[in-house]
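Structure first, then comments.
The values are calculated or read from the model by the stated rules, or taken from the named source; none is laboratory data. Just so you know, these numbers come straight off a predicted model, no measurement behind them. Here the Cβ positions follow ideal geometry from the backbone for every residue, glycine too, while neighbour counts run over all protein chains shown.
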């Protein structure tokens, strides 16, 4: 019971500190394309910058997962978090888009380095909560942070610009580093790295599916604030409020998503999230006024709330403590690189063709994503996730 209590503290510490840090980061991150544009970047250069920033976040997760399994979750999280404050303060002195994009790329690299440790600690500290509910709580507070941040930015940026938000982020990161050092408990085991049969069987279609989905979202993610400003005629503060509304509903639906995943299954959850994300993203493109807020919120709910809970639960149940962070890291590398390629494609398509073209491509790719999981939806109907999880451990122990 004592050990279970200590591990449950991990979920609370990571969830609360992520809420604080993400509130600070998202106050400027969601309109980063507009920030780079104001520093002199073209739309194509914004797309290229996003490609590099996303690639850094993705690539760092492979060594991040390996180092987490080798040296421990907590150590990687603490080292990564300690880099945020100095990098954010450095942005105060930069007034050209290229060095600013470089610093943000390094920031993204360290954020990605700790990500497999986050997912692993949440899965390994779920205890009586259950994996889906633990991910639901974490995603609730994380997405709530991404809701609060744009609201802060909507009031600060028009009056004072971006610099106060960088200072806010540096102070928040330094403050959150303290409980991560003092309160986080290590959860990684000492078992030899070995992949079980369920992991080998389910892993490839799972990462192919999530990679295609991330390619689609990468195509449109840097274009959303640009399209909203240029064609929907929304001001930067209105764009921030649109992101605030979407993230607020996403945080609430993260808890609902965890209950849905526990009942219907993680693979069904992923398929529904892929299909509806594609539909609502295209509907948002053609919308205006208050409907843009409604449709963007629906897009975000399926993109983040249902996808993240479903994917985190699925991967947690086909891995063990000895290989979980490496599996999370490898999957996120491939998904993140796909997102990076998508961002580069999106910027080029926007300038070479009509703005609608990248959104149509994204819809096609999102509708394609569930094809790789059809077999496992059928299997999920006949085999409980408890049996699947038990099978993973039996296979590990018997070799």
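Set side by side, the residues 223, 248, 241 differ, and just one is over 21 Å from residue 152 (Cβ atoms) and assigned to a helix (DSSP H, G or I), which is 223.
Right, residue 85: surrounded by 17 or more Cβ atoms within 10 Å (Cβ to Cβ) and more than 22 Å from residue 251 (Cβ to Cβ) or not? Spell out the reasoning first.
On the way: surrounded by 17 or more Cβ atoms within 10 Å (Cβ to Cβ): yes; more than 22 Å from residue 251 (Cβ to Cβ): yes.
Judged against the criteria, residue 85 is a match.
Of the candidates 170, 134, 123, the single residue that is over 29 Å from residue 298 (Cα atoms) and either touching a strand residue (DSSP E or B) at 6+ places or on another chain (Cβ under 8 Å) or assigned to a helix (DSSP H, G or I) (or both) is 170.
Is it true that some residue in region 327-334 is within 15 Å of residue 218 (Cα to Cα) and either without any contact (Cβ under 8 Å) to a residue 60 or more places away in the chain or surrounded by fewer than 24 Cβ atoms within 10 Å (Cβ to Cβ) (or both)? Yes: region 327-334 contains one or more residues that are within 15 Å of residue 218 (Cα to Cα) and either without any contact (Cβ under 8 Å) to a residue 60 or more places away in the chain or surrounded by fewer than 24 Cβ atoms within 10 Å (Cβ to Cβ) (or both).
Checked against (1) assigned to a helix (DSSP H, G or I); (2) over 30 Å from residue 82 (Cβ atoms); (3) modelled with pLDDT of 85 or more, residue 176 passes all but condition (2). Condition test on residue 215, is it modelled with pLDDT of 90 or more and either within 22 Å of the chain's Cα centre (by Cα) or more than 30 Å from residue 70 (Cβ to Cβ) (or both)? Yes; evaluated as a whole, the condition is true for this residue.
Applying the selection to region 268-297, what residues are touching a helix residue (DSSP H, G or I) at 6+ places or on another chain (Cβ under 9 Å), farther than 17 Å from residue 216 by Cα and in a helix (DSSP H, G or I)?
Taking region 268-297 and keeping what is touching a helix residue (DSSP H, G or I) at 6+ places or on another chain (Cβ under 9 Å), we get 268-287, 291-297.
Retained after the next criterion (residues that are farther than 17 Å from residue 216 by Cα): 268-269, 286-287, 291-295, 297.
Passing the criteria: 268, 269, 291, 292, 293, 294, 295, 297.
When you go through 256, 252 one by one, which is the residue that is under 17 Å from the mean Cα position of the chain (by Cα), over 22 Å from residue 32 (Cα atoms) and surrounded by fewer than 21 Cβ atoms within 10 Å (Cβ to Cβ)? Talk me through it step by step, then tell me what you get.
On the way: 256 fails: under 17 Å from the mean Cα position of the chain (by Cα).
Only one candidate passes the filter, namely 252.
The conditions of being out of contact with any strand residue (DSSP E or B) (no Cβ under 8 Å at 6 or more places or on another chain) and under 28 Å from residue 182 (Cα atoms) are met by residue 80.
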